[in-house]
1. Over 19 Å between Cα atoms, which of A:K194/A:K258; A:K137/A:K258; A:K234/B:K234; B:K196/B:K248; A:K258/B:K194 qualify?
2. Based on the Cβ-Cβ distance from B:D189 to A:D287, what FRET efficiency comes out when R0 is 60 Å, to the nearest 0.05?
3. List the distances, in nm and shortest first, from the label point of A:T286 to the matching label points in every other copy, placing each point 7 Å from Cα along the Cα-to-Cβ direction.
4. What are the distances, in nm and sorted shortest first, from the label point of A:R7 to the label points of the same position in each other copy, with each label point placed 7 Å from Cα along the Cα-to-Cβ direction?
5. At A:G149, label 7 Å along Cα→Cβ: distances to the other copies, nm, ascending?
6. How much length, in nm to one decimal, is gained on full extension between B:L308 and B:E296, taken as 0.36 nm per residue of separation minus their Cα-Cα distance?
7. Work out the length of the dipole vector of segment B:201-260 about its Cα centre, built from +1 on the beta-carbon of each Lys and Arg and -1 on the beta-carbon of each Asp and Glu, and round it to the nearest 20 debye.
8. Rounded to the nearest 20 Debye, what is the dipole magnitude of segment B:173-313 about its Cα centre when Lys and Arg each give +1 and Asp and Glu each give -1 at the C-beta?
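Readers should treat all values here as calculations from the given coordinates under stated rules, not as data from a laboratory. On a predicted model such as this, the values are computed, not experimentally measured, just so you know. In this analysis, Cβ positions are derived from the backbone assuming ideal geometry, glycine residues included, and neighbour counts consider all displayed protein chains.
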Protein chains: 2
Amino acid sequence: MTCTVCRGPAVIDLRRHNANFCAEHFLRFCRDQVAKAISQHDMIAPGDRVLVAVSGGKDSLALCDLLVDLGYHVEAMTIGLGIGDYSEASTAAAVAYAETRGLPLRRIDLRDEYGYDIPTAAAVTRRVPCSSCGMSKRHLIDRAALEGGFDLVATGHNLDDEAAVLLGNVLHWNAEYLGRQAPVLPARDGFPRKVKPLVRLSERETAAYCVLRGIDYIVDECPMAEGNRHLRYKEALDSIEAASPGTKHAFYFEFLDKAADRFQPDVAQAQEGLRPCARCGSPTTTDVCAFCRLVERTAHAEPVPVELLRAGRGRGRGRARRGAGGAAQSRAATS
Amino acid sequence: MTCTVCRGPAVIDLRRHNANFCAEHFLRFCRDQVAKAISQHDMIAPGDRVLVAVSGGKDSLALCDLLVDLGYHVEAMTIGLGIGDYSEASTAAAVAYAETRGLPLRRIDLRDEYGYDIPTAAAVTRRVPCSSCGMSKRHLIDRAALEGGFDLVATGHNLDDEAAVLLGNVLHWNAEYLGRQAPVLPARDGFPRKVKPLVRLSERETAAYCVLRGIDYIVDECPMAEGNRHLRYKEALDSIEAASPGTKHAFYFEFLDKAADRFQPDVAQAQEGLRPCARCGSPTTTDVCAFCRLVERTAHAEPVPVELLRAGRGRGRGRARRGAGGAAQSRAATS
């Protein structure tokens, strides 16, 4: 197997691009794909201050690395979710990366600052953990970006993530979510601008990028996400992609080209109902936003150890299904 | 396991309905689902003459049986595709069923009447067999319905078929096909009205229906369809359905409710380019329709034995992919 560019020994084959690359040209390929995504979708303007949501996983660390490499002004933030050893190792990976590369890192800890953690939130709400996790991350990232005066938030959603979320959204034809599923969400009242510069890279590629760049990331999947819908959608798409390389790319990018606009009226309609949360001022469709309600509901709850709760297990089916839908739509806000 | 209706011993469990049925109540369930589909989508008016496209498989034979049972005026047609033993056994099953039940059956044989068969068509066109097969069946069924003065054509597409076709169409965001994917296609110049009364039943259910009704159907899948995209899409959806029963139903029916209308402009646009085929008069976007061109191209071709050709094998990737897309959209026109 030889590199498509230089004919030297290749370290990776990319079937959907019908190409193989040596380490040097693979790293260049990744940088070019991110630069292309940023330019094609007008993600970041020169001089923008970018807040990167970092989980400690391959995607968010690769994203930091690539944005810095491309010359952007980047700061990172990470959220301690309290999911036992997994969260500790995730935070440690984020901290180690930031220290080694001299990257400013903001740290928020759910338990210390808001009095709850994800296992406890899942137990109290009786929904899949991914549901309160995604909501909490979105809320705190939005707030940090606005309070910190950042021009935008960048998240590490890769092509596999976006294709799986899109599959979940079409399986249920959630018109509003479909209208919102874009690589760029413009800023609007109470929401920062959000971009996904990794949409042209697969998760196999971001993992290879980290390995080749010597970035230590947390390899384990979140133990609470086991068996969730998002992972099932990924597996279903993986089986199709294996037989027809390029399917995920076509699925996502053809959607953006040919279908996304058709769902814009639903987004506009949903936005009409937004008003400031009575507690924190964040945009919400209810008096008090979901985050403030969660903080309230968990205030006097006994902390629940992560081992007692796993996604999709031991919870009522109806509730678990409702929760999982939301999780599929919003997962990996900091991944 | 007891019947949800009568508490007698159940013979089948239907997870997406959270129900079990004995033989009697399962057969009634199937009839009710077909009656509901017909009524909800205004498929058949009293007194309509219905042409049912029959392959000899479970779906088309169950469809005949259910429509007769519901009191509709039904005639059947079957097409000899020349796919070796498979086609012979399929035709034999269709003939045996029609004879036993006293159902009028029209028979067309591709080789006898049009000088080609599917394996030869696949070899000549160098595309997956499902491509010329679907096109040939659509053309001949449309023509038989119009020439025979039928009010409509009914086909045996079940929920699994429709969900898999829908998945193929969203994976490529084929807007025109999406706009056309309805349980009823109204008649228009040169096209008969077409309906799919089995859209509320899964293929496991139509198979069980045949077994319980003592209908001998051909169990084998078409040997030329092996490994085609449509089957891959079915498998992907099966894995999701197994974990979340009801997903396929929601995927298809929510699409009809919330999304299908958004793709109507593309259908209207595609129809603008239709004109009569210079040879046979059928609507087409080219001077000579695809069917007449196929008849012409295969006129002097040496017959190809089925064993030499299997879907997705030994053919150029680009062509096979193009062909398979069309096949996924149109498969099972007579199944």
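1. Cα-Cα > 19 Å for A:K194/A:K258; A:K137/A:K258; A:K258/B:K194; rest within.
2. For B:D189 and A:D287, the calculated efficiency is 0.60.
3. 5.8
4. 8.2
5. From this label point to the equivalent ones elsewhere in the assembly: 8.4 nm.
6. Going from the current span to full extension adds 2.1 nm.
7. 160
8. For this selection, approximately 280 debye.
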